[in-house]
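Structure first, commentary second.
The values are calculated or read from the model by the stated rules, or taken from the named source; none is laboratory data. Quantities reported herein were computed from a predicted structural model and do not represent experimental measurements. FYI the Cβ positions are ideal-geometry reconstructions off the backbone, even for glycines, and counts take in every protein chain you see. Surface accessibility is based on the protein's heavy atoms, side chains included, excluding ligands, DNA and RNA. Shrake-Rupley method; radii C 1.70, N 1.55, O 1.52, S 1.80 Å.
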Amino acid sequence: MQIVIEADIAVRAGIAADFIEQAVKRNPQAVIGLATGSSPIPVYQELIKRYRAGRLSFASAKAFMLDEYVGIEQAHPQRYRNVIEKEFVSQVDFAPEAVQGPDGNATDLWKACRAYDSAIAAAGGTDVQLLGIGSDGHIAFNEPGGSLASKTHPEALTQQTRIDNARFFDDQLELVPTHCVTQGLSTIMSSKHPLLLASGKKKAKAIAAMCEGAVSSLCPASILQTHPNVTVILDEEAASELQLAEFYRYRWQTRVEEK
Ligand code: GLP
């Protein structure tokens, strides 16, 4: 894992946007994995800025979303599909149909999940997969205690996740859906470059467990330790419980860039 600790939000967003820009420039048909939550928003804003400046285009690219609530109304502003459309997709030049998300309203959820995994595999997997992390160590919506080898699947949300996400539902816990469909951990691990962003004290424990704890279903994000090409971009607070923080800073400053 390459761990970047950087106080300045603009610099963090710029580093993440650079990875996505490089992927799209290397291959205009690149496949980008999109995440919702607040962590990737500055990255989307940076990418929109670069698109408007004529620096990059998503016209031939594809994108896959990580997760979706089950049973949420099509037009609900917090339906992840609508969030990603508003925050990013509608503001750049993806072709129609180029962005897909798991279907949380399918009558046969398992069938829809299998079809979603097949679509990701048929596209060759994601070149870069943006990720956030839940305070309970989830990535996408893979909650603790699940299979480390899961494919896209329906999942029940933990009480902690629903409490964390109530802020998007007028702080009314009862309005937060109870279930979701999520890319599985093995789906996420099939990405060529998982790129996780986290900030704030609330994420410090989950980040320490993910980077330095045992690989365990108790912290689903810890599976990323077994991926050869992961980048984790943190602010000082999210990094505050890392034992080897000083070494990570040194390693990033003296890194050998791939040609
Ligand atoms: C939700 C999403 C996750 C996201 C997490 C963290 O639970 N399903 O994909 O990583 O929130 O969100 P934030 O970035 O807002 O802290």
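Evaluate region 135-152: report whether one residue or more is over 18 Å from the mean Cα position of the chain (by Cα), over 15 Å from Glu68 (Cα atoms) and among the hydrophobic types (A, V, I, L, M, F, W, C).
Scanning region 135-152 turns up no residue that is over 18 Å from the mean Cα position of the chain (by Cα), over 15 Å from Glu68 (Cα atoms) and among the hydrophobic types (A, V, I, L, M, F, W, C).
Out of Glu87, Glu46, Glu97, I need the residue that is more than 27 Å from Trp252 (Cβ to Cβ), within 16 Å of the ligand (Cβ to nearest atom) and of a type in the set (Asp, Glu). Which one? Before you say what the answer is, go through the steps one by one.
Numbers: Glu46 fails: more than 27 Å from Trp252 (Cβ to Cβ); Glu97 fails: within 16 Å of the ligand (Cβ to nearest atom).
Every option except Glu87 fails the conditions.
Report the residue count in region 28-37 for those that are in contact with a helix residue (DSSP H, G or I) (Cβ under 9 Å, 6 or more places away or on another chain) and open to solvent by 10 Å² or more (accessible area, probe 1.4 Å).
As a first pass, look at region 28-37 and keep what is in contact with a helix residue (DSSP H, G or I) (Cβ under 9 Å, 6 or more places away or on another chain): 30-37.
If we keep only those that are open to solvent by 10 Å² or more (accessible area, probe 1.4 Å) as well, we get 36-37.
Number of matching residues: 2.
Among residues belonging to region 166-181 that are free of Cβ contacts under 8 Å to residues at least 12 places away in the same chain and not in a helix (DSSP H, G or I), point out the one that is nearest to Pro77 (Cα to Cα). Even if it seems obvious, please write down each step before you answer.
Start the filter on region 166-181 by keeping residues that are free of Cβ contacts under 8 Å to residues at least 12 places away in the same chain, which leaves 166-167, 170-175.
Right, trim to not in a helix (DSSP H, G or I) and you get 170-172.
On the way: Asp170: 12, Asp171: 15, Gln172: 15 Å.
Of everything passing the filter in region 166-181, Asp170 is nearest to Pro77 (Cα to Cα).
Results for (1) without any contact (Cβ under 8 Å) to a residue 60 or more places away in the chain; (2) closer than 18 Å to Leu130 by Cα; (3) open to solvent by 60 Å² or more (accessible area, probe 1.4 Å); (4) not hydrophobic (A, V, I, L, M, F, W, C), shown as yes or no for each residue.
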position	(1), (2), (3), (4)
Ala10	yes, yes, yes, no
Ala13	yes, yes, no, no
Ile20	no, yes, no, no
Ala53	yes, no, yes, no
Lys62	no, yes, yes, yes
Ile84	yes, yes, no, no
Gln100	yes, yes, yes, yes
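Looking at (1) farther than 21 Å from Ser186 by Cβ; (2) crowded, with 16+ Cβ neighbours inside 10 Å, which one does Pro96 not meet, given that it meets all the others?
(2)
Could you please find all residues in region 218-236 being outside any helix (DSSP H, G or I) and surrounded by fewer than 17 Cβ atoms within 10 Å (Cβ to Cβ)? Outline the logic, then answer.
Keep residues of region 218-236 that are outside any helix (DSSP H, G or I), which gives 218-219, 227-236.
Passing the criteria: Leu218, His227, Pro228, Asn229, Glu236.
For the structure I just gave you, tell me whether Ala30 is in contact with a Lys or Arg (Cβ under 7 Å, 6 or more places away or on another chain) and of a type in the set (Gly, Ala, Ser). Break it down into steps so the answer makes sense when it comes.
On the way: in contact with a Lys or Arg (Cβ under 7 Å, 6 or more places away or on another chain): no; of a type in the set (Gly, Ala, Ser): yes.
The answer is no for Ala30.
Can you name every residue in region 195-208 that is hydrophobic (A, V, I, L, M, F, W, C), part of a helix (DSSP H, G or I) and either open to solvent by less than 10 Å² (accessible area, probe 1.4 Å) or within 15 Å of the ligand (Cβ to nearest atom) (or both)? Before the answer, list the steps.
The initial filter retains those residues of region 195-208 that are hydrophobic (A, V, I, L, M, F, W, C), namely 195-198, 204, 206-208.
Subsequent filtering for residues that are part of a helix (DSSP H, G or I) retains 204, 206-208.
Selection gives Ala204, Ala206, Ile207.
What number of residues within region 73-82 are part of a helix (DSSP H, G or I), within 12 Å of the ligand (Cβ to nearest atom) and farther than 20 Å from Ile120 by Cβ?
Matching residues across region 73-82 total 0.
Please work out if Val215 is modelled with pLDDT of 95 or more and surrounded by 17 or more Cβ atoms within 10 Å (Cβ to Cβ).
On the way: modelled with pLDDT of 95 or more: yes; surrounded by 17 or more Cβ atoms within 10 Å (Cβ to Cβ): no.
Considered against the rule, which asks whether it is modelled with pLDDT of 95 or more and surrounded by 17 or more Cβ atoms within 10 Å (Cβ to Cβ), Val215 comes out as no.
Considering only region 166-186, state which residues are open to solvent by less than 60 Å² (accessible area, probe 1.4 Å) and either within 13 Å of the ligand (Cβ to nearest atom) or under 15 Å from Pro102 (Cα atoms) (or both).
Step one: filter region 166-186 for residues open to solvent by less than 60 Å² (accessible area, probe 1.4 Å), giving 166, 169, 173, 176-177, 180-186.
Ala166, Phe169, Val176, Pro177, Cys180, Val181, Thr182, Gln183, Gly184, Leu185 - these are the residues of region 166-186 that are open to solvent by less than 60 Å² (accessible area, probe 1.4 Å) and either within 13 Å of the ligand (Cβ to nearest atom) or under 15 Å from Pro102 (Cα atoms) (or both).
Answer with yes or no whether Met189 is hydrophobic (A, V, I, L, M, F, W, C), at pLDDT 95 or above and open to solvent by 20 Å² or more (accessible area, probe 1.4 Å).
Working: hydrophobic (A, V, I, L, M, F, W, C): yes; at pLDDT 95 or above: yes; open to solvent by 20 Å² or more (accessible area, probe 1.4 Å): yes.
It is true that Met189 is hydrophobic (A, V, I, L, M, F, W, C), at pLDDT 95 or above and open to solvent by 20 Å² or more (accessible area, probe 1.4 Å).
Run Ile163 past the list (1) open to solvent by less than 60 Å² (accessible area, probe 1.4 Å); (2) more than 10 Å from the ligand (Cβ to nearest atom); (3) outside any loop (DSSP other than H, G, I, E, B) and report the number of the one that doesn't hold.
(1)
Can you name the residue in region 137-152 that is assigned to a loop (DSSP other than H, G, I, E, B) and near the ligand (Cβ under 9 Å from one of its atoms) and is also surrounded by the most Cβ atoms within 10 Å (Cβ to Cβ) among such residues?
Per the stated criteria, the residue is Ala140.
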